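Asker: Sharing a structure, written as structure tokens. Questions coming.
The values are calculated or read from the model by the stated rules, or taken from the named source; none is laboratory data. Keep in mind the model is a prediction, meaning the values are calculated, not measured. When we count neighbours, we look across all protein chains shown, and the Cβ atoms used for this are built from the backbone with ideal geometry, even at glycine. Heads up: the accessible areas ignore ligands, DNA and RNA and are worked out on the full protein's heavy atoms, side chains in. Shrake-Rupley method; radii C 1.70, N 1.55, O 1.52, S 1.80 Å.
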Amino acid sequence: MTRRAVEAIIGKATLDEVFRNALFADPDTILTGYTLTRSEITAIRAIDSESLEFFATSPGVLKAQSLLLQHHANGDAVPTR
């Protein structure tokens, strides 16, 4: 399902600064690995990098990122629901 791919891309771009920078520097290369419709590619390419950067560095997202890192460091599985 392409909706999941869009969610995965936006989620990863929010939590992973390296991926986020690569997405905005070379979206064609980054998006090649995902199954997306033309309209989804257009929508992702239209995301404003400054807005996503602002969101990614907001306190709530930074807290979520910290918790995810703790789970991964402890070898804990992150619940999917």
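Asker: Could you rank I9, I47 by how accessible they are, 1.4 Å probe, largest area first?
Answerer: Largest accessible area first, the residues go I47, I9.
Asker: Taking the inverse of the average 1/r across all pairs of different Cα atoms in the chain, what Kirkwood radius in Å do you get? Provide the component values of the computation, followed by the final result.
Answerer: Details: mean 1/r = 0.0731 Å⁻¹.
Final number for the Kirkwood radius of the chain is 13.7 Å.
Asker: If you don't mind, another one. Please work out how much accessible surface V6 shows to a 1.4 Å probe, ignoring ligands, DNA and RNA, in Å² rounded to 10.
Answerer: For V6, solvent-accessible area is about 30 Å².
Asker: Also: How high is the relative contact order of the chain? Use alpha-carbon pairs under 8 Å, at least six apart in sequence, and give a whole percent. Before the final figure, lay out the partial values.
Answerer: Details: 37 pairs, mean separation 23.1, N = 81.
Relative CO of the chain lands at 28 percent.
Asker: Which helices count as membrane-span-like in the chain under these terms: full DSSP H, at least 15 Å along the axis by C-alpha, Kyte-Doolittle mean of -1.0 or more?
Answerer: Long hydrophobic helices here: 2-15, 59-73.
Asker: Calculate what fraction, in whole %, of the accessible area of the chain sits on carbon and sulfur atoms when a 1.4 Å probe is rolled over the protein chains.
Answerer: The computed percentage sits at 57.
Asker: While we're here: Taking a virtual spin label 7 Å from the Cα of V61 along the C-beta vector, which residues in segment 23-44 bring their backbone nitrogen under 14 Å of it?
Answerer: 23-24
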